[in-house]
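Presented below is the structure to which this report refers.
Please treat every number below as a calculation from the coordinates, not as lab data. Small disclaimer: the values here were computed from a predicted structure and weren't measured. Every residue, glycine as well, gets a Cβ built from its backbone with ideal geometry; the counts of neighbours run over all protein chains shown.
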Amino acid sequence: MSRALRRVVGALRHDWRRAGLAIVLLVVTLAASLALMGTSAWLIATAALHPSVAALQVAIVGVRFFGIARGLARYGERLVSHDVTLRLLERLRVSTFERLVPQAPAGLLFRRTGDVVARLVGDIETLEHVFVRVIAPSAGAAIIGAGLVAAFGMMSLAGAAIVAAVFVAGGVVAPLVAHRLGARAARRRIVERGSLEADLIDGINGVAELVAFGAAPRHVARVARRAATMARAEMIGGRSAAASGALTMLAVDLGVVAVAAVTIPLVADARLSGVTLAVVVLVVVASLEAIGMLASGWQSLAASDEAARRLDEIAGGGGAPGITTPCVAPPVSPPTMQGVASRFAIDGLTFAYAGGPPVLRDLTLSLEPGRLVALVGPSGSGKSTVLNLALRFWDAAPGAIRLDGVDIAAMDADRVRSQFSVMPQRTHLLTATIADNLRLAVPTASRVDLEEVVVRARLDGLVQVLPNGLEEWVGEQGVRLSGGERQRLAFARALLRRAPFLLLDEPTAHLDAALERAVLDEIAREARTRGVLLITHRLSGLEAADEVLVLDAGRVVERGTFAELSRRRGRFADLLAIQRDELGSGPDPFAASG
């Protein structure tokens, strides 16, 4: 059992009373089953001797009692054991997600979405077998086995030894054989299931591109190969389960023969009655219920072990979180940081992603409410990385990012993020309504608040023509909206959150000229009351910026106001001229400034 699976089993301590009750009820079920078989055997064997009906009354009542008791105990055991399992899975889902969130996005950067989903759903569901099919049945079989050995020992030491051998062979050897034979196939099946789900999700999300480029047959063939590998693993598992099941039944059958061989001489010597012989033999047959499912349960343990390992890997055991949570709070916390920060600063920041070259070099900027700073430059110059570092998705070193003079590396990440409202370059929309997507920023926002930001983001025209208005379903990843509509919805969401600093990454990339101008006007309006960092590669409309920083290969090569940078005829002026030429704006816009 791996460390990861031991952690899962350890989580049962939160429900140890329920788990104990489930095992007790299972023992009662098995004991009632053995008693039912033994009483029935005594009743039938005794009835064959034609005694008076009065002599059979106790046994008749016993058969009824044990039959009813077995059914009730079995129902209670299933109810309690599945309750324990469902509670365990609930805790695993919550704890896994809680461990996963601090890693995002750094720890998930190189993981496929489908594989992550397979781990959070399929792998957790695989762990439902740990208690119901392994722990509880093993404990029940051990208790019942010990009881039977003790009971047989009072009649015959040889009989007790045979029963012990039956339980060792069927309850220990057969499960270990099943586990050994099916372990590799079970682990392979879990891994392939994750890859298969990842391929399926990739195919669904990219079906248009697959069809357009004629790649759909190749993708289907890849999915088919994954499915075939899973099928082979299932077949191997089925064969090992059949082999171990046969071994268990063989152990019981041999035990029946051995017990009969030992007890028949006792009957012949009149030391044991023939009725007792029938009871003893059939009780051994009934013991199959106690150990019959252990082989398949222990075979599933290999799959559970692999599932636990995969969960542990993604939730922190093998992940690569981009930040380190501070062990202690900073010694001095400015009063403003108890609520709203008044200054955001980056000082001498150099940063490189794991294994890569620096994407930022010695970056310095300052932002305060009432100030608009634009960060511009060509694609790949490191602009979006600044936003990721500000939100503590990665820790920055060397250099520092500070809120009111406090290095954010010494602060709780959630506390840091509460100071920002963000519109990332890649807009993520929930598969929900427009209102739900807006309330992602402010869950308590009123309808009036939503309508206000919709108007400011120039999305009111769309909302008015939709049948359900703000309650219109946007589809998976906002598929029912155009690129520009998704972007304006994200902008409206950023406006809704009244944090002191507004971070906008390419807010006008998919907008036409008129909408771009309107959104830039709203950004300038926001900059009157809060600090705005505008990250963009489009240079038009930056006249209102208090400072423009030009990034190239991670370095600030120019900084100043729009007018100052335009007159210098440096890197900024070159980029601006290229963009205006692409738009067909006519003569050189800097001719008069020479």
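Apply the Karplus curve 6.51 cos²θ - 1.76 cosθ + 1.60, θ = phi - 60°, to the phi angles in the range 163-175 and return the couplings in whole Hz, x for Gly and Pro.
Working through the residues one at a time gives 4, 4, 5, 4, 5, 5, 5, x, x, 10, 5, 4, x Hz.
Can you give me the long-range amide H partners of Asp552? Hydrogens built in the peptide plane at 1.01 Å from N, cutoff under 5 Å, separation of 5 or more residues or another chain.
Here the answer is Val557, since their amide H atoms fall under 5 Å of that of Asp552.
Once the Cα atoms of helix 16-47 and of the chain are each reduced to a long axis, what angle between those two axes, in degrees from 0 to 90 to the nearest 10, is obtained?
With both axes taken from Cα atoms, the answer is about 30 degrees.
Quick one: what are the phi-derived ³J(HN,Hα) couplings along the range 523-538, Karplus 6.51/-1.76/1.60 with θ = phi - 60°, whole Hz, x for glycine and proline?
These are the phi-based 3J(HN,Hα) values: 5, 4, 5, 5, 5, 6, 10, 9, x, 10, 10, 9, 9, 7, 10, 9 Hz.
Around Leu272, which amide H atoms from residues at least 5 apart in sequence, or from another chain, sit under 5 Å from its own amide H, with H modelled in the peptide plane?
Residues meeting the criterion, in which the H sits 1.01 Å from N, are Val267.
Counting alpha carbon pairs within less than 8 Å and at least 6 residues apart, what relative contact order, in whole percent, applies to the chain?
Relative contact order here is 14 percent.
Pick out, from Ala242, Val281, Leu200, the residue whose Cα sits farthest towards the positive end of the charge dipole of the range 3-316, with +1 on the Cβ of Lys and Arg and -1 on the Cβ of Asp and Glu.
Looking along the dipole axis, the top candidate is Leu200.
Calculate the all-directions average of the projected area of the range 3-316's alpha-carbon convex hull, and give it in nm².
19.9 nm²
Once phi is turned into θ = phi - 60°, what whole-Hz ³J(HN,Hα) does the Karplus curve with 6.51, -1.76 and 1.60 give for every residue of the range 182-190, x standing for Gly and Pro?
Values per residue, Gly and Pro as x: x, 4, 5, 5, 5, 5, 4, 5, 5 Hz.
Please compute, over every Cα-Cα pair in the chain, the percentage with a separation greater than 42 angstrom.
47 percent
Evaluate 2.2 N^0.38 Å with N set to the residue count of the range 429-498, then give the Cα radius of gyration divided by it.
0.95
Which residues make up the longest stretch of the chain that has no chymotrypsin sites (Phe, Trp or Tyr not before Pro) in a DSSP loop with at most 16 other Cβ atoms within 10 Å?
Answer from the scan: 354-589.
How much of the DSSP bridge set in the chain is antiparallel, in percent, rounded to the nearest 5?
Bridges in the chain are about 50 percent antiparallel.
Considering the dipole of the chain built from charges on the beta carbon (Lys and Arg +1, Asp and Glu -1) around the Cα centre, which of Trp473, Ala4, Val252 is farthest to its positive end?
Result: Val252.
List the residues whose amide H sits under 5 Å from the amide H of Thr561, counting only those 5 or more places along or on another chain, with H placed 1.01 Å from N in the peptide plane.
Correct list: Val548.
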